Amino acid sequence: MMAAAVSRFRGSLLGALLGDCIGAVFEGHTNVTKEFLFDYMKSLDKGERLKSVLTYTDDTAMARSIVQSILENDEFDVDDLADRFTTEYYRDPDRGYGMAVVHVFEKLASGEYKYVFSPAKEQFDGKGSYGNGAAMRVVGIPLAYPRIPDVIEYAKTSGMLTHASSLGYNGAILQALAVHYALQEELTPETFLDQLLDHMKEVETDKRSRSDALELEMDEFPYCNKLKKIKAFLAREDVTRKDIIKELGNGIAALESVPTAIYSFLRCLKPVPELPSELTNLQQTIAFCIMLGGDTDTIATMAAAIAGAYHGEEQIPLNWKLSAESYKDAEDWGEKLHQLYCKRLQST
Ligand code: R7I
Ligand code: MG
Ligand code: MG
Ligand code: MG
């Protein structure tokens, strides 16, 4: 296996940052008009927003904690990560965190819990959250760990700090694997999806995943079923926005957003007729996600993390980058994660 170029690591973090920042402007909109979105993107191109910095939301705040924790400890350390999530929340609580996840931070801060995973298990009457919060922040893990078993283990463990439902942490595993495979040289949508399907079949075979699906009255292997839908959609020319929202989703649940992000990335490998042709694939990916409405910051951040890992930072225009809060951290940390990734690749 060849080490991926540093541009892909920086591109992934910058893509994630911009997807969140731009997506946040449109979060919760049910009808994003093309005119408004394209005008907005043009104003970014022209550098009209350089002074009013685009601010990131909880998606990036938590992704930053994961990256900082790995870089400062040189290893994944779940207790340190729990501390960082909590400290960051109290330092800056108004980043648009999920309604329920703040109770996890309160409990972690209380000092009354012996195990860091216990507060997450109490969410939603003991069922745990199935929100997309574990997936939205996971990008640093596949950028730091080249081996799949590590990617899966740490995506899951980091997710379980806040999301004890398998629908929540399995979404994080799927998103992490998507970034992992996007880092590897060339891809075809078919093999990319087959690789994800192979892993998710194994992941969703476990007892907890099966019982959670049953309890939520859905078919078993929910993520595998979505991946199959993505395959079917990619084979069709006539998929509408309505189809995507109905079949894949645009919501705050991980199952209704991670597959949508993956589909958006794959769909935008080819030009999308309704999007301005001067946009790069990565820019088109962000626009495509935002036009779906709903949880736009989160779907765009996940899709652009994958797109950035594949296309590299060259697809991000200078003025877009300069408009985003803390973009220098994304560049700097992308480089450091790349070094860590290469070091681990050599030692295995
Ligand atoms: O998942 P989480 O961190 O939220 C992330 C989202 C992203 O869109 C961010 O951009 C931000 O806007 O929030 O936070 P949670 O509070 O754990 O989950 C988010 C929401 O999903 C909850 O507030 C619930 O509305 C819903 N949800 C559930 N609803 C019913 N039953 C999650 N789990 C359940 C559940 O088990
Ligand atoms: Mg957010
Ligand atoms: Mg420690
Ligand atoms: Mg969101």
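The values are calculated or read from the model by the stated rules, or taken from the named source; none is laboratory data. Since the model is a prediction, treat every value here as computed from it, not as a measurement. No Cβ is skipped: glycine too gets one built from the backbone with ideal geometry, and neighbour counts run over all protein chains shown. SASA here: full protein model, heavy atoms, side chains in, ligands and nucleic acids out. Shrake-Rupley method; radii C 1.70, N 1.55, O 1.52, S 1.80 Å.
Quick look at the values:
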{"item": "Cα-based radius of gyration of the range 10-100 once divided by 2.2 N^0.38 Å, which approximates compact folds", "result": "1.29"}
{"item": "Per residue accessible area of the chain, 1.4 Å probe, in Å²", "result": "42"}
{"item": "Percent of alpha-carbon pairs separated by more than 32 Å within the chain", "result": "22"}
{"item": "Isotropically averaged projected area of the range 97-156, using the convex hull of Cα atoms (one quarter of hull area), nm²", "result": "4.9"}
{"item": "Percent of alpha-carbon pairs separated by more than 16 Å within the range 176-266", "result": "55"}
{"item": "Label point at D45 placed 7 Å out along Cα→Cβ; residues across the range 266-302 whose backbone nitrogen lies under 11 Å", "result": "276-280"}
{"item": "For the range 126-198, radius of gyration divided by Kirkwood radius, i.e. Rg to Rh on alpha-carbons", "result": "1.00"}
{"item": "For the range 7-50: span of alpha carbons on each principal axis (Å, largest first)", "result": "33, 25, 15"}
{"item": "Cα pair distances of the range 254-319 binned at 5 Å [whole percent]", "result": "3, 21, 32, 25, 14, 4, 1"}
{"item": "Extreme residue, positive dipole direction of the chain, given options N73, Q339, T157 (C-beta unit charges)", "result": "Q339"}
{"item": "Dipole magnitude of the chain, debye to nearest 20 (Cβ charges: Lys/Arg +1, Asp/Glu -1, about Cα centre)", "result": "380"}
{"item": "Debye intensity ratio in log₁₀ form over the Cα atoms of the range 123-276, taken at each q of 0.12, 0.13, 0.15, 0.17 Å⁻¹", "result": "-0.48, -0.56, -0.75, -0.96"}
{"item": "Rg and Dmax [Cα atoms of the range 221-346; Å; Rg one decimal, Dmax integer]", "result": "15.6, 46"}
{"item": "P(r) weight above 13 Å for the range 215-254, C-alpha pairs, percent", "result": "60"}
{"item": "Cα convex hull of the range 47-198 - mean projected area over all directions, nm²", "result": "11.1"}
